[in-house]
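Notes for the one structure printed next.
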Amino acid sequence: MTDQDFNNSQQQSLEAEYSPLDALPPNHVREGDHVVLVFADGRHIFAQALHRAKGKTPPVKIFKRSYSTHELIGLSYGTVLELTLNGLQALPDDQDLIPDYLEPSKNGEDNDEETEGEANQDSNEEDTSTLKRDNRHLLDTNTSQALGYQELQTMREQGTEGSVIVSKIIANSSTFDQKTDYSRHKYIVRKQIKYQPRCRLVKCTSASICTTLHLRDPKRVMNMREDTLAQILGYANISAGCQVLVLENCSGILTGALAQRMAGYGKILTVYSGQQPAWNEMLGKYNLSFAETNSIKWVHSGDVLGSGESEEALAASEAERIDRDKLEWPCLLQDHTRVYMKTMKTEKEKRNFLYKRAGRFARKLTRHTPTEGAEWLNAQQSDSLVIAANEFIEPLTECFRAVQQKALAINLRLSNTWAREYQILPGRTHPNMNMSQSGGFILTGVKLDPTHGSNELDEEVLKEIRAEIGGRRGKKTSKANESTNSNGESQARAAKRAKN
């Protein structure tokens, strides 16, 4: 065997062992990747790393100013960036969103050769001054700051560093020396967030994308928080290699989370009810690989649930679905609507009113009712886990009753979770005043197989189970009862075999 043959065989073995699904996602930003910029004040902004923005997504806009994103390419996730006039500047790894403020010395210079006695004297003076400082005599009259708005704007336009601006603001504040340590820290942090803005480069995952959309537009994701999304994935037991049927109205955030968690192994059947899927833009923010994108299969609702319905089934359905089917597009304006539009003064006001009206009717045309969800569950053949989520509890309650009456599933649970952020600081750990009340409601259950599954037990089977566990309430039976039970069990089994 020659050296060339040996190298060819070794290369073939390596190619056979290598799988593109086994490749780990990179820990740095590539060209075309979507990222999330997280600011210290809690804001989240989407951005896409591009060399050229022509014909693609424009540069990210922050504080009414556009910043180029080509500096993000090659940076590691978690890098802290500072907003400057020259663009987004990457900082060293030891920097944080809130920079450390170093108080300037009184003489304006750093005295490195300070004696131990002078240091102890300064510390004693600071301790006595801390005890004397109090906030009770401070009045918010907007007269304590010597710097004006125009001066601050001039420094920012000239490209003055944010740390220098913050130092000048503190130096020109007449009430800063009278505040306590806690008040000083809050004041410095507030000024640093405004005049020295920084952001962290965060990878687009299901949690970060859900958090960003929930902060920007909660209605777009049906008020779903990241903890609600995690519970849906956990209750559904999503893992690599499984097959999932998804019907969502959350702008594709659930489909992207499933594809990212399954990592290309398995199949995701996403049901849509329009002419074409409308969530490709949202799925692009997940930076899915070829295998993960290929695992998503788009299926029309008519192919899964059927488009034809009998007249009896239509008559038995609820009034909302009947009204929805009667609607025609475009919807004609009624008389009272025309009278109301005459009271509007400008054409812009009328146009905005019609846009809102069209959107309301479009949502009604495409909205599904809770009992329809129960009918779709009945059309499913195999047994599996079923998860339904909604921002309101009323639709899930109706679906719960419909599924329970038709005995379609077992272990039905309707749950709700709430989350509250806590401030973790030395001596100041407490829950925040503002919190998110609800992230939606979740209905979980196990779908029974229509052929072999049963939600009810026969009386004979119940008697056998009670006899095995020792009575109705777990009490031990006597020997005479045990003999009679054994005879009764044999007779019941014989009768059951005769029936079969």
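Details
Yes or no, residue by residue, for (1) without any contact (Cβ under 8 Å) to a residue 60 or more places away in the chain; (2) hydroxyl-bearing (Ser, Thr, Tyr); (3) under 26 Å from Leu97 (Cβ atoms); (4) open to solvent by 50 Å² or more (accessible area, probe 1.4 Å):
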{"position": "Ser183", "(1), (2), (3), (4)": "yes, yes, yes, no"}
{"position": "Gln196", "(1), (2), (3), (4)": "no, no, yes, no"}
{"position": "Lys203", "(1), (2), (3), (4)": "no, no, yes, yes"}
{"position": "Ser251", "(1), (2), (3), (4)": "yes, yes, no, no"}
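- Inside the stretch 415-430, residues that are more than 26 Å from Val221 (Cα to Cα) and either touching a residue at least 60 places away in the same chain (Cβ under 8 Å) or not hydroxyl-bearing (Ser, Thr, Tyr) (or both) make up a count of 7.
- Set Glu482, Glu398: member being at pLDDT 85 or above, open to solvent by 50 Å² or more (accessible area, probe 1.4 Å) and assigned to a helix (DSSP H, G or I): Glu398
- Across the stretch 418-451, the qualifying residues are those that are surrounded by 14 or more Cβ atoms within 10 Å (Cβ to Cβ) and of a type in the set (S, T, N, Q), and the one among them that is nearest to Lys186 (Cα to Cα) is Ser436.
- Cβ pairs under 6 Å, 6+ apart, first in the stretch 264-289 and hydroxyl-bearing (Ser, Thr, Tyr), second in a helix (DSSP H, G or I): Thr270/Thr255; Ser273/Ser301; Tyr286/Gly256; Tyr286/Gln260
- Residue in the stretch 12-28 that is surrounded by 17 or more Cβ atoms within 10 Å (Cβ to Cβ), at pLDDT 85 or above and over 29 Å from Ile188 (Cα atoms) present: no
- Being in a helix (DSSP H, G or I), at pLDDT 65 or above and not basic (Lys, Arg) is a condition met by no residue of the stretch 106-127.
- Tally of residues being under 9 Å from Arg200 (Cβ atoms) and part of a strand (DSSP E or B) across the stretch 75-99: 2
- Residue match in the stretch 279-286 (condition: open to solvent by less than 20 Å² (accessible area, probe 1.4 Å), part of a helix (DSSP H, G or I), farther than 20 Å from Gln48 by Cβ and of a type outside the set (S, T, N, Q)): no
- Single residue of Glu459, Glu464 found to be modelled with pLDDT under 85, farther than 27 Å from Asp217 by Cβ and touching an Asp or Glu at 6+ places or on another chain (Cβ under 9 Å): Glu464
- Here Gly55 meets the list (1) of a type in the set (Gly, Ala, Ser); (2) at pLDDT below 90; (3) in a loop (DSSP other than H, G, I, E, B); (4) surrounded by 10 or more Cβ atoms within 10 Å (Cβ to Cβ) almost entirely, failing just condition (4).
- No other residue among Ile209, Ile165 is more than 35 Å from the chain's Cα centre (by Cα), hydrophobic (A, V, I, L, M, F, W, C) and in a helix (DSSP H, G or I) apart from Ile165.
The values are calculated or read from the model by the stated rules, or taken from the named source; none is laboratory data. The model shown is predicted, which means the values in this text are computed figures rather than measured ones. Don't worry about glycine lacking a Cβ; one is built from the backbone with ideal geometry, like all the others, and counts go over all protein chains shown. Ligands, DNA and RNA are stripped out before the accessible areas are found, and what is left, the full protein with its side chains, is counted by its heavy atoms. Shrake-Rupley method; radii C 1.70, N 1.55, O 1.52, S 1.80 Å.
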